[in-house]
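Below is one structure, written out as structure tokens; the observations come after it.
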């Protein structure tokens with residue numbers, strides 16, 4: 001969609017890990033080994049990731065300015081106007097950055113987290129493999145269960161009372177998605193993984209003004225991935241414990257060892 | 001009661017259609033249309049759910 005060359009994809013992966021996984025020592029590769037795992041190491045890792053990605057996209061913007069492309073998201077952003085004004089360089093860079101980071105980390109962790117939870121619930125996995133028409137509903141349950149984004153923050157704009165708690169204008173709030181998606185008042189037996197759960201009114205994509213821009217696309221990616229994965233490797237299963245990302249923002253799986261019979 | 005979709009906000013996620021198919025339909029242009037002039041009493045609960053589920057919070061009762 002963004003027209004980035006395939007040779008750059010590993011770099012995007014690496015930089016996304018640095019920015020969103022900055023607190024995990026595995027991604028603090030620019031820090032001497034003895035100093036990894038600290039707050040300072042996390043800040044430096046995130047800053048390096050930001051700076052490198054912004055520099056990368058500054059070059060891409062230059063390329064597209066010189067040679068606009070058809071059906072290209074970056075060209076479209078460059079040519080877009082809001083109230084007769086073009087986007088500033090800072091807005092353009094931030095937009096490209098957001099599309100890359102938010103567009104890959106979340107979906108790929110829903111895929112790895114989804115495969116993990118399906119393998120940990122063999123009866124649910126068997127149900128799905130027997131009837132792949134349950135995949136749409138299974139994806140909703142995976143999104144509820146995994147909640148790939150742990151939290152977002154909001155600032156209260158006016159005094160308000162919610163369930164006996166008074167919030168004052170200016171207060172900062174954290175919304176914990178794994179918690180809201182296990183709300184006993186909203187979900188029957190919330191700690192049960194059920195690929196046929198109905199209703200399943202989870203908020204894994206948030207709600208309101210900042211509802212996930214890519215929710216439809218993300219669900220499509222999950223669907224294609226699981227369709228292909230289970231078609232080609234129906235016996236795929238865990239081969240060891242997953243290694244989780246150290247982060248309070250992304251519910252990530254860094255490494256998920258699996259075993260399967262290769263296609264003939 | 002009447003219900004209204006703010007078409008400037010609607011992004012066509014079709015949660016409303018899922019919650020109350022008798023009242024909302026999302027067309028090929030990805031915008032939700034209200035199908036009924038008046039929402040009958042028995043559908044109010046479904047419409048309330050649609051209002052709650054709308055990702056952009058684009059649906060509201062007309063007062």
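Is it true that residue A:26 is modelled with pLDDT of 95 or more and surrounded by 11 or more Cβ atoms within 10 Å (Cβ to Cβ)?
Details: modelled with pLDDT of 95 or more: yes; surrounded by 11 or more Cβ atoms within 10 Å (Cβ to Cβ): yes.
So residue A:26 fits the description; yes.
Could you tell me whether any residue of the stretch A:51-60 is closer than 18 Å to residue A:250 by Cβ and at pLDDT 95 or above?
First, the residues of the stretch A:51-60 that are closer than 18 Å to residue A:250 by Cβ: A:53.
With the extra rule that they be at pLDDT 95 or above, the set shrinks to A:53.
Yes, the stretch A:51-60 contains a residue that is closer than 18 Å to residue A:250 by Cβ and at pLDDT 95 or above.
Considering the stretch A:158-224, the qualifying strands (runs of 3 or more DSSP E), each wholly inside and each with 1 or more residues that are farther than 20 Å from residue B:57 by Cα and touching a strand residue (DSSP E or B) at 6+ places or on another chain (Cβ under 7 Å), run over A:165-167, A:172-176.
Checking the structure you have, find out if any residue of the stretch A:180-191 is within 21 Å of the chain's Cα centre (by Cα), more than 14 Å from chain B (Cβ to nearest Cβ) and exposed (fewer than 14 other Cβ atoms within 10 Å of the Cβ). No, the stretch A:180-191 contains no residue that is within 21 Å of the chain's Cα centre (by Cα), more than 14 Å from chain B (Cβ to nearest Cβ) and exposed (fewer than 14 other Cβ atoms within 10 Å of the Cβ). Just to be sure, is residue A:56 more than 24 Å from residue A:143 (Cα to Cα), in contact with a helix residue (DSSP H, G or I) (Cβ under 6 Å, 6 or more places away or on another chain) and in contact (Cβ under 8 Å) with a residue 12 or more places away in the chain? Considered against the rule, which asks whether it is more than 24 Å from residue A:143 (Cα to Cα), in contact with a helix residue (DSSP H, G or I) (Cβ under 6 Å, 6 or more places away or on another chain) and in contact (Cβ under 8 Å) with a residue 12 or more places away in the chain, residue A:56 comes out as no. Of all residues in the stretch A:225-264, those satisfying the criterion of being more than 22 Å from residue A:128 (Cα to Cα) and loosely packed, with under 13 Cβ neighbours inside 10 Å are A:240, A:241, A:248, A:255, A:264. Need the failing condition index for residue A:115 against (1) at pLDDT below 95; (2) within 25 Å of residue A:149 (Cα to Cα), just the number. So residue A:115 meets the others, but not (1). Restricting attention to the stretch A:225-255 and to residues that are under 18 Å from residue A:104 (Cβ atoms), in contact (Cβ under 8 Å) with a residue 60 or more places away in the chain and not in a loop (DSSP other than H, G, I, E, B), the residue that is farthest from the other protein chains (Cβ to nearest Cβ) turns out to be A:254.
Counting only residues that are over 22 Å from residue A:186 (Cβ atoms), assigned to a loop (DSSP other than H, G, I, E, B) and within 14 Å of another protein chain (Cβ to nearest Cβ), the stretch B:17-63 holds 1 of them.
Screening residue A:148 on (1) farther than 23 Å from residue A:248 by Cα; (2) surrounded by 13 or more Cβ atoms within 10 Å (Cβ to Cβ); (3) touching a strand residue (DSSP E or B) at 6+ places or on another chain (Cβ under 7 Å) shows it passes everything except condition (1).
Looking across the stretch A:194-224, the residues that are away from chain B (no Cβ under 14 Å) and either surrounded by fewer than 17 Cβ atoms within 10 Å (Cβ to Cβ) or closer than 30 Å to residue A:95 by Cα (or both) come down to A:196, A:221, A:222, A:223, A:224.
The values are calculated or read from the model by the stated rules, or taken from the named source; none is laboratory data. Bear in mind the structure is a predicted one, so any value in this text is a computation, not a measurement. FYI the Cβ positions are ideal-geometry reconstructions off the backbone, even for glycines, and counts take in every protein chain you see.
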